[in-house]
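Inspection log for the structure reproduced underneath, given as structure tokens.
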Amino acid sequence: IAMYGPPGTGKTSLINLVIAEICDKYNGIAVNMEDTSSFLKMSELLRSMESDRPILAIIEDLDSFLNYNSTKELLNILDGNNQIDNVVYLATTNYIDRIEDRIKNRPSRFDRKYKIDFPNDEVRKFYFEKKLKPDDLKKYDINKFVADTKGMSFAHLKELICSVVVM
């Protein structure tokens, strides 16, 4: 699975929710895949002890990951000689156009891609309502906040709350 979209739109937050789900509901393990060699060694050791335990392998900033790791090694892990059973690979990138087609457009590699875009009006309103205290909700015009933040990321929304409400 690859999630892509502008910076600050919540890709890492979604990963944290998925990690909690995999670990809590399925007794899985989540690992941050920083390099292919270490991941292979770790997963081989893990599989020798627990052959069926679900593994969620996280690759943040796939485009940068590929700059520092062998594309060939990654492809061998995803669907080649070094495949590991019962592993889901979850990658993020802000720049899907920097990922080669042979990685992003081939089944068994990253065959599911989800664009995580800027939050719409409804989501921004929900965010403000959940982040602000009841007293603050009475002081500020949430609808104006929503209107004025069109096209902004969650990181921007958080900064707005910090700057306007907290400070």
- Task: Identify which of the listed values of Rg/Rh (Cα atoms, Kirkwood Rh) was calculated from the structure shown: (1) 1.08; (2) 0.92; (3) 0.99.
- Result: (1)
- Charge dipole (the chain, unit charges on Cβ, about Cα centre) - positive-most of ILE116, LEU40, ILE29: ILE116
- Cα-based helix-to-principal-axis angle, 36-49 vs the chain, degrees rounded to 10: 70
- Item | Rounded, prolate or oblate (a/c below 1.5 giving rounded, otherwise prolate when a/b exceeds b/c) for region 1-68 by Cα gyration tensor | oblate
- Query: How far, in nm, would the chain grow between SER108 and LEU14 when pulled straight, counting 0.36 nm per residue and subtracting the alpha carbon separation?
  - Reply: 31.7 nm
- Message: If I take every Cα pair under 8 Å that is 6 or more residues apart in the chain, average their sequence separation and divide by the length, what percent do I get for the relative contact order?
- Response: 32
- How much of LYS25 can a 1.4 Å solvent probe reach, expressed as accessible area in Å² and rounded to 10? 140
- Percent relative contact order of region 1-69, based on C-alpha pairs within less than 8 angstrom and at least six residues apart? 34
- Note on the structure: Once both label points are put 7 Å beyond Cα along the C-beta direction, the ARG47-GLU34 separation in nm becomes 2.3
- Query: Looking only at region 1-41, which residues have a backbone nitrogen under 17 Å from a spot 7 Å from the Cα of ASP117 in the C-beta direction?
  - Reply: 3-11
- ARG102 accessible area, nearest 10 Å², 1.4 Å probe? 120
- Note on the structure: Taking max minus min of the Cα coordinates of region 104-160 on each principal axis, largest first, gives extents in Å of 52, 19, 18
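Just list whichever of LYS11/LYS125; LYS72/LYS113; LYS11/LYS130; LYS115/LYS138; LYS113/LYS150 have alpha carbons separated by over 26 Å in the model shown. Numbers along the way, then the final one.
Numbers: LYS11/LYS125 19 Å; LYS72/LYS113 21 Å; LYS11/LYS130 19 Å; LYS115/LYS138 34 Å; LYS113/LYS150 24 Å.
Beyond 26 Å: LYS115/LYS138.
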- Ranking by accessible area, most exposed first, for LEU14, LEU78 with a 1.4 Å probe: LEU14, LEU78
- Message: For region 1-66 and region 88-150, what is the centre-to-centre distance using only Cα atoms, to the nearest Å?
- Response: 20
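The values are calculated or read from the model by the stated rules, or taken from the named source; none is laboratory data. Being a predicted model, the structure only gives us computed values, none of them experimental. So basically every Cβ, Gly included, is an ideal-geometry build from the backbone, and we count neighbours across all protein chains shown. Accessible surface areas use protein heavy atoms only, side chains included; no ligands, DNA or RNA. Shrake-Rupley method; radii C 1.70, N 1.55, O 1.52, S 1.80 Å.
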